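Below is one structure, written out as structure tokens, with a few remarks after it.
The values are calculated or read from the model by the stated rules, or taken from the named source; none is laboratory data. Source: prediction; values computed, not measured. In this analysis, Cβ positions are derived from the backbone assuming ideal geometry, glycine residues included, and neighbour counts consider all displayed protein chains. Please note that ligands, DNA and RNA were not included when accessible areas were found on the heavy atoms of the full protein model with its side chains. Shrake-Rupley method; radii C 1.70, N 1.55, O 1.52, S 1.80 Å.
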Amino acid sequence: MMISPAKSICCIGAGYVGGPTMAVIADRCPDIEVTVVDLNEDRITAWNDPDLTKLPIYEPGLDAVIARARGRNLFFSTSVSEAISSADMVFISVNTPTKKKGIGAGQASDLRWVEACARQVVECAKGHTVVIEKSTLPVRTAAAIKAILDIPQRQPNSGEPSPTFSVLSNPEFLAEGTAIRDLEQPDRVLIGGEDKDAVEALAAIYSNWVPTNKILRTKLWSSELSKLTANAFLAQRISSINSVAALCEATGADVREVALAIGTDRRIGSEFLHAGPGFGGSCFKKDILNLVYLCHHFNLPEVANYWNQVVALNAWQQNRIADLVVQTLFGTVTGKRLAILGFAFKADTNDTRESPAIRIAHDLLEEGAQLAIHDPKVAPEQISVDLQKKPCHPLSDLKGEGTWHFSTTIEDAVQGVDAVLILTEWEQYRNLNWLKLASLMRAPAWVFDTRSVVTPTEIADAGLRVWRLGEGSE
Ligand code: NAD
Ligand code: UDX
């Protein structure tokens with residue numbers, strides 16, 4: 001079937017992917033009407049916030065893109081059926097978390113939201129509609145979506161023509177914190193599909209701003225599998241460098257020097273070699289577990305075990321930080337006050353999903369610590385949900401064991417603490433006045449830097465002790 005250029009796009013799911021991705025498409029393609037829909041009314045209200053200060057996600061540069069396109073050809077709405085009916089392309093960009101129960105629990109993706117979308121599309125679509133998998137999905141999910149879309153919907157004599165569909169895979173490779181840059185200047189755009197006209201119609205949208213040689217066309221299954229594989233490779237590098245960090249601590253080497261030395265080899269490359277408290281975020285763990293599940297499903301246990309080890313090493317890395325802090329602080333943190341700088345899973349996002357800070361803070365609370373937590377973008381309500389504990393407020397109420405307070409300033413957070421733990425690499429933690437902060441802390445005080453953001457000599461000059469992840473002592 002000849003497919004004409006898209007005039008109207010609907011995206012189901014106004015989350016970390018759907019919102020920014022559609023904002024950039026609308027910005028770059030003013031002739032296409034883009035409607036992002038979601039069942040979550042609060043989220044849609046936040047996307048429509050008139051002064052752009054309450055957008056549901058924090059992403060550098062996002063507000064400017066929204067300001068240009070929203071109300072012109074970009075719309076956020078809860079009218080899902082209406083938006084599907086008037087669209088010639090529907091992106092599915094809903095959540096695909098790990099299944100919590102039943103077959104594949106703890107590994108396989110829970111596809112109930114994707115399936116619900118496919119059912120709604122088949123019910124509401126008119127004419128020919130290109131359905132695009134934007135969510136990260138297990139390989140061969142398109143077959144399930146096609147099976148749903150093939151269910152006849154209209155009565156044979158209703159006079160209404162039955163809708164027809166093409167299914168494409170177009171996974172998203174953006175990273176949070178750099179989403180707008182990643183979308184505006186992607187390394188590649190991947191389109192998988194068998195219907196050549198549909199593939200070209202989608203490629204035509206991206207070609208408004210992406211160089212032709214960066215738009216890759218593959219089989220459906222290759223596209224679906226490439227997304228899981230890309231995340232697995234990236235996460236594998238982090239587990240590899242974190243394993244080396246532990247070895248550095250044990251031997252007196254420095255992981256930053258090792259990373260520099262190996263990263264200058266062009267075959268290895270220097271990106272994604274930062275040792276840290278373990279990878280977080282909504283994707284890596286979920287996607288690797290999904291890959292592990294698929295390998296078992298296809299009777300490849302050795303391959304499954306290989307990838308599972310990337311996740312196992314990461315869990316070990318996240319777990320060892322709290323232990324190490326307790327051991328260093330004379331074996332106990334009960335009733336001691338500690339500052340946590342950074343709660344987001346990485347800098348430049350307000351997202352805390354799978355953040356290593358959750359595990360570390362949780363373990364320290366279990367040990368009886370009093371935590372003063374600071375993060376420039378994460379809301380205290382979110383931390384409360386993550387720690388399953390209400391905060392103490394004001395700071396003078398931070399007493400007893402296993403309690404926490406949300407500090408709006410770094411000075412507030414370090415009042416009377418025995419240690420500062422830096423868990424997210426926010427820019428503002430890089431150039432702190434340690435001399436001033438040291439005077440607010442209780443000696444002997446420690447700085448635990450899990451993100452390599454401090455200059456050790458400045459800490460030492462301020463009379464503080466420092467532990468840096470991946471740095472062994474002489
Ligand atoms: P998210 O949880 O932020 O957003 C998903 C949204 O979909 C939610 O707002 C939810 O209310 C909505 N939704 C669910 N079912 C719906 C339905 N039937 N109708 C309307 N709305 C519905 O998730 P996200 O982080 O944007 O991720 C979406 C997908 O993209 C996932 O598959 C994820 O793996 C993938 N992905 C995420 C990232 C990332 O950095 N977050 C990057 C690349 C790919
Ligand atoms: C990741 C992929 O990078 C992206 O392509 C995909 O679309 C979604 O998943 P994201 O999770 O948003 O993106 O951020 P990313 O920059 O990959 O960081 C993930 C985690 O790894 C963070 O906790 C980060 O701090 C950590 N990390 C990253 C390291 O510990 N060291 C590094 O060198 C890089």
* Structure fact -> Here the percent of antiparallel bridges among DSSP beta bridges lying wholly in the stretch 8-218, to the nearest 5, is 5
* the stretch 8-218, relative contact order [Cα under 8 Å, separation at least 6], % -> 20
* To do: Report the one residue of GLN382, VAL414, ALA259 whose Cα lies farthest in the direction of the positive end of the charge dipole of the stretch 251-474 (charges on C-beta: Lys and Arg +1, Asp and Glu -1; origin at the Cα centre).
  => GLN382
* Taking Cα centroids, how far is the stretch 10-73 from the stretch 238-307 in Å? -> 33
* Structure fact -> Inverse of <1/r> over all distinct C-alpha pairs of the chain, i.e. the Kirkwood Rh in Å, gives 24.1
* Structure fact -> Total charge of the residues flanking SER79 in space, meaning their Cβ is under 13 Å from its Cβ, with Lys and Arg +1 and Asp and Glu -1, is -3
* To do: Count the net charge of all other residues whose Cβ sits under 15 Å from the Cβ of ASP49, scoring Lys and Arg as +1 and Asp and Glu as -1.
  => -3
* Which FRET efficiency, nearest 0.05, do LEU300 and ARG112 yield, Cβ-Cβ r, R0 22 Å? -> 0.25
* Structure fact -> Once both label points are put 7 Å beyond Cα along the C-beta direction, the ARG188-LYS436 separation in nm becomes 4.8
* Structure fact -> Rounded to the nearest Å, the spacing of the alpha-carbon centers of the stretch 80-118 and the stretch 155-223 is 17
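Pop out the Kirkwood hydrodynamic radius of the stretch 251-474 from its pairwise C-alpha distances, inverse of mean 1/r, in Å to one decimal.
18.4
Projected area of the stretch 35-139, taken from the Cα convex hull and averaged over every viewing direction, in nm²?
For the stretch 35-139, averaging the hull's shadow over all directions gives 8.3 nm².
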* To do: Would you mind checking which residues have amide H under 5 Å from HIS405's amide H? H placed 1.01 Å from N; only 5 or more apart, or other chain.
  => LEU371, ALA372, ILE373, CYS392
* If each of ASP412 and SER4 carries a label point 7 Å out from its Cα toward its Cβ, how far apart are those two points in nm? -> 5.7
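Roughly speaking, to the nearest percent, how much of the stretch 331-474's 1.4 Å accessible area is carbon and sulfur? Please list the in-between numbers first.
Values: 2830 of 6090 Å².
Ligands and nucleic acids excluded, carbon and sulfur reach 47 percent.
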* Gain in span if fully extended, PHE272 to ALA67, counting 0.36 nm per residue against the direct Cα distance -> 70.6 nm
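Express in % the proportion of alpha carbon pairs of the stretch 8-218 at distances exceeding 33 Å.
Result for the distance tail: 12 percent.
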* **Rounded to whole Hz, the Karplus (6.51, -1.76, 1.60) HN-Hα couplings of the stretch 77-92, x for glycine and proline** => 8, 9, 7, 5, 4, 4, 5, 5, 4, 9, 9, 9, 9, 10, 8, 9
* Asked: For the chain, what is the charge dipole size about the Cα centre, in debye to the nearest 20, if Lys and Arg each add +1 at the Cβ and Asp and Glu each add -1 at the Cβ?
  -> 600
* So what is the accessible area of the stretch 8-218 per residue, in Å², with the probe set to 1.4 Å? -> 44
* Asked: Using +1 on the beta carbon of Lys and Arg, -1 on that of Asp and Glu, and nothing else charged, what's the dipole of the stretch 251-474 about the Cα centre, debye to 20?
  -> 180
* Structure fact -> Lys and Arg at +1, Asp and Glu at -1: neighbours of ILE321 with Cβ under 13 Å from its Cβ sum to -1
* When the dipole is taken about the Cα centre of the stretch 189-327, and only Lys, Arg (+1) and Asp, Glu (-1) are charged at their Cβ, what size is it in debye, to the nearest 20? -> 100
* **Exposed chymotrypsin sites (Phe, Trp or Tyr not before Pro) absent: longest stretch of the chain, with sites in DSSP loops and at most 11 other Cβ within 10 Å deemed exposed** => 1-297
* 10 Å binning of all Cα-Cα separations within the stretch 269-330, expressed as whole percents from 0 upward -> 20, 38, 29, 11, 2
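What FRET efficiency, computed as 1/(1 + (r/R0)^6) with R0 = 45 Å and r the Cβ-Cβ distance, is obtained for SER473 and THR218, rounded to the nearest 0.05? Mind dumping the intermediate values first?
Details: r = 49 Å, r/R0 = 1.10.
Step by step, r from the Cβ atoms, then E = 0.35.
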* To do: Determine the order of ARG43, ARG266, ARG119, ARG320 by accessible area, beginning with the largest, at a probe radius of 1.4 Å.
  => ARG266, ARG119, ARG43, ARG320
* To do: Please label the shape of the stretch 180-275 as rounded, prolate or oblate, based on the square roots a ≥ b ≥ c of the eigenvalues of the alpha-carbon gyration tensor (a/c under 1.5 means rounded; beyond that, a/b larger than b/c means prolate, else oblate).
  => prolate
* Determine which residues of the stretch 66-95 fall in the zone a paramagnetic label at ASN208 would reach in this model, i.e. backbone nitrogen under 16 Å from the point 7 Å along Cα→Cβ. => 66-76, 87-91
* Dimensionless Rg/Rh of the stretch 227-360 - Kirkwood Rh, Rg from C-alpha atoms -> 1.01
* Structure fact -> With a Förster distance of 41 angstrom and the Cβ-Cβ distance between PHE233 and SER162, calculated FRET efficiency to the nearest 0.05 equals 0.45
* **Spin-label proximity, LYS390 to the stretch 344-373 - amide N less than 11 Å from point 7 Å beyond Cα toward beta carbon** => none
* To do: Would you kindly derive the ³J(HN,Hα) couplings of the stretch 336-349 from the backbone phi angles with the Karplus curve 6.51 cos²θ - 1.76 cosθ + 1.60 (θ = phi - 60°), listing them in order in whole Hz, with x for Gly and Pro?
  => 8, 9, 10, 9, 10, 9, x, 10, 5, 6, 7, 6, 6, 9
* Asked: Quick one: Debye curve from the C-alpha atoms of the stretch 55-106, no solvent, what's log10 I(q)/I(0) at q = 0.32 Å⁻¹?
  -> -1.21
